[in-house]
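Please read the structure below before turning to the comments.
The values are calculated or read from the model by the stated rules, or taken from the named source; none is laboratory data. Worth saying up front: this structure is predicted, and the values here are computed from it rather than measured. A quick note on method: Cβ atoms are made from the backbone with ideal geometry, for glycine too, and the neighbour counts reach across all protein chains shown. Remember, those area values only see protein heavy atoms, side chains included, never the ligands or the DNA or RNA. Shrake-Rupley method; radii C 1.70, N 1.55, O 1.52, S 1.80 Å.
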Amino acid sequence: MNKSLTYLLYFTLYTIVLLFFGKGGFKKTKNARDFFVAVNSLGLAVSIATFTATWFSAASMQGLSGSLYAYGYNTVLYAVVPWFLGATLLVLLASRLKSHDIITLPEYFHLRYQSRSLQAAGGLVIVMTYILYIIIQIRGFGIVVSEFLDINYTFAIILVYMFVMYTTFGGLFSVARTDSLNIFLIIAGTLLAAGLVLRDVGGVTAMHQQAALISTRPFPAAPMATAPGALLDPFAKGAYPPLLTFTSFFGWGLGLAANPQYAMRITSAKDTRTAIRMICLSVVLLAAMYLCMFIIGIGSRVLQPAIETIHSADEVLPYVINNVIYSRFSGVILVSIMAAAISTANSQLLVAASGFSYDIYRNLVNPRVSDEKMLLLNRAFIFVAGTISLILSMNPPDSLLIYGGYIWGFFSVTFLLPLYGGLFWKKACREGAMASFAGGLLMMVACMLLGTEARFQLHPAFPGFLVSCAIFFPVCLKYQRPRSAE
Amino acid sequence: MIIIGTLLGLPYKTMGIIGGLFLLSAAAPTLMALILARQEEHKDE
């Protein structure tokens, strides 16, 4: 059977099953608490499914495998290790956050610091960052579908837009149901792709021995040819120096630790014990999935040391599946990549909607808004935000993995200290939280404009985080003294 | 670790830094949860 026709069959089957799984959420959703946190009722299995599916995005699937292909194992230090360390802080967060009756993360700022402004500012950061981050998922999906179904990229990204709209309109109940399907598909596709690569390279040892000899330019637009041995070197033989590699923790790692999409998974779990077990077990599952991605990325480079027809690292995986390790089951891998993009995008649109409708509109404009109007507003916002992301995806970023680290960095410089400081430090105060939020944000934007990564090998979230620390602690100590005296 | 490094065809430095940090970071959430559980037990006592 023709390749495109086979893929179209898989695609159609996935669409039908996704429609079936998604429709249940519409009936269950009656108010904002249903819509955003599924009445704080999710059990362990569903929580793990939705946490893992939200985590494992197009950045994990295409960004990571492409970066491993181009730059080797340095990618693990640049992205994966920071993600897991961020998850460790999430365990700390879960131990305290569940005792607060909140629907959104910025609502905690309101409760802790008695500041509606800080809640609204948090909502605004969420809206902006998630609209930008969803571009990653739309681009990831678009590359895959246009490659496999042999259709135009623009048409492909309109398809993902419709998928994401549908699964998000039903709120977290819909998202959790479709995530359970999606994580199953992601695991199946990842295992299958790793198995096919491993079979063709002749095992892990042979793969590493051959990878050590590679000295080609991975694709024409890559900044440099790979030095022999660089794929297996922790710092890619100087291409990614230690300073840049380790400061990425301040973007990816701390950004994940303060990320509203994971905080919402914590609040939607039925209790603290479930939330903590969800994080621990999800990370173990993710570690196994990432081991598969390492094999896929490095093994693909061994099988095809250079790809002349692609323009970025994000296109490596679809190319390899379609041209290098093609089998009649490749459609499963196609569907798994789509599932990774959709399951993350719908969760993120949900969080973005909460930022707008709950943290900005209900908080500042109309605190007595009815449940019906709130749901209508959420769905209208999801439509508008999804459309903006779609339009921005027409001119996407070069690398999903680097771009994603920048976006997550905004959470580390704004949310991290007000959140963890508020939960674990009695002296944390409103003035310190607001000043560090603004200072960290300004510093990070300045560093991005100055290009600190290219000039000084520093991830821009690192100076941003230092500034937010330098403001938060002294300001809180200063304002604490007069209050203690009172 | 050295034997595994030889078996998998990876340089020891890579196995130590990448493999070690990967495993440690993957286990870190569980270690943190265990530490928190111990603290809770001590509080109860």
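The table for this structure:
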{"read-out": "Top-ranked residue of the range B:7-30 - restricted to ones that are at the interface with another protein chain (Cβ under 8 Å from one of its Cβ atoms) and within 23 Å of A:Ser95 (Cα to Cα), ranked as surrounded by the fewest Cβ atoms within 10 Å (Cβ to Cβ)", "value": "B:Thr30"}
{"read-out": "Matching residues, the range A:202-234, being among the β-branched types (Val, Ile, Thr) and under 16 Å from A:Phe294 (Cα atoms)", "value": "A:Val204, A:Thr205"}
{"read-out": "Qualifying residue in the range A:428-448 (condition: surrounded by 18 or more Cβ atoms within 10 Å (Cβ to Cβ), within 26 Å of A:Gln62 (Cβ to Cβ) and not small (Gly, Ala, Ser))", "value": "yes"}
{"read-out": "All positions within the range A:414-431 that are in contact (Cβ under 8 Å) with a residue 60 or more places away in the chain and of a type in the set (A, V, I, L, M, F, W, C)", "value": "A:Phe415, A:Leu416, A:Leu419, A:Leu423, A:Phe424, A:Ala428, A:Cys429"}
{"read-out": "Residue among A:Ser47, A:Ser65 that alone is at pLDDT 90 or above and in contact with a strand residue (DSSP E or B) (Cβ under 7 Å, 6 or more places away or on another chain)", "value": "A:Ser47"}
{"read-out": "Looking only at the range A:204-240, and only at residues there that are among the small types (Gly, Ala, Ser) and under 13 Å from B:Thr14 (Cβ atoms), the one that is nearest to the chain's Cα centre (by Cα)", "value": "A:Ala236"}
{"read-out": "Boolean, A:Ala269 is closer than 28 Å to B:Pro11 by Cβ and either more than 10 Å from every other protein chain (Cβ to nearest Cβ) or basic (Lys, Arg) (or both)", "value": "no"}
{"read-out": "Residue within the range A:221-242 that is closer than 24 Å to A:Trp55 by Cβ, away from chain B (no Cβ under 14 Å) and either crowded, with 23+ Cβ neighbours inside 10 Å or free of Cβ contacts under 8 Å to residues at least 60 places away in the same chain (or both) present", "value": "no"}
{"read-out": "Options A:Phe141, A:Phe109, A:Phe148: the member that is under 17 Å from the mean Cα position of the chain (by Cα), farther than 30 Å from A:Pro228 by Cα and of a type outside the set (Ser, Thr, Tyr)", "value": "A:Phe141"}
{"read-out": "Single unsatisfied condition, A:His100 versus (1) under 30 Å from B:Ile35 (Cβ atoms); (2) touching a residue at least 40 places away in the same chain (Cβ under 8 Å); (3) in contact with a Leu (Cβ under 8 Å, 6 or more places away or on another chain); (4) open to solvent by 30 Å² or more (accessible area, probe 1.4 Å)", "value": "(2)"}
{"read-out": "Residues that are within 14 Å of chain B (Cβ to nearest Cβ) and not basic (Lys, Arg), drawn from the range A:88-132", "value": "A:Thr88, A:Leu89, A:Leu90, A:Val91, A:Leu92, A:Leu93, A:Ala94, A:Ser95, A:Leu97, A:Ser99"}
{"read-out": "Single match in A:Leu19, A:Leu5, A:Leu9, A:Leu92 (criterion: under 19 Å from A:Pro260 (Cβ atoms), assigned to a helix (DSSP H, G or I) and open to solvent by 20 Å² or more (accessible area, probe 1.4 Å))", "value": "A:Leu92"}
{"read-out": "A:Ala206 in a helix (DSSP H, G or I) and away from chain B (no Cβ under 13 Å)", "value": "no"}
{"read-out": "Filter pass, A:Met207 being closer than 23 Å to A:Ala53 by Cα and touching a residue at least 60 places away in the same chain (Cβ under 8 Å)", "value": "no"}
{"read-out": "A:Leu85 vs. criteria closer than 17 Å to A:Trp408 by Cβ, open to solvent by 10 Å² or more (accessible area, probe 1.4 Å) and within 14 Å of chain B (Cβ to nearest Cβ)", "value": "yes"}
{"read-out": "Helices (runs of 4 or more DSSP H) contained in the range A:250-345 and holding at least 3 residues open to solvent by 10 Å² or more (accessible area, probe 1.4 Å)", "value": "A:272-303"}
{"read-out": "Within the range A:155-173, tally of residues that are more than 19 Å from the chain's Cα centre (by Cα) and closer than 22 Å to A:Gly140 by Cα", "value": "7"}
{"read-out": "Tally, over the range A:371-401, of residues that are in a helix (DSSP H, G or I) and touching a residue at least 12 places away in the same chain (Cβ under 8 Å)", "value": "18"}
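Yes or no, residue by residue, for (1) touching a Cys at 6+ places or on another chain (Cβ under 8 Å); (2) within 14 Å of chain B (Cβ to nearest Cβ); (3) under 30 Å from A:Phe109 (Cα atoms); (4) without any contact (Cβ under 8 Å) to a residue 60 or more places away in the chain:
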residue	(1), (2), (3), (4)
A:Ile136	no, no, yes, no
A:Val144	no, no, no, no
A:Thr154	no, no, no, no
A:Thr190	yes, no, no, no
A:Gly195	no, no, no, yes
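For every residue, the table says whether it meets (1) modelled with pLDDT of 90 or more; (2) open to solvent by 20 Å² or more (accessible area, probe 1.4 Å).
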{"position": "A:Gly386", "(1), (2)": "no, no"}
{"position": "A:Met394", "(1), (2)": "no, yes"}
{"position": "A:Pro397", "(1), (2)": "no, yes"}
{"position": "A:Leu401", "(1), (2)": "no, no"}
{"position": "A:Phe424", "(1), (2)": "yes, yes"}
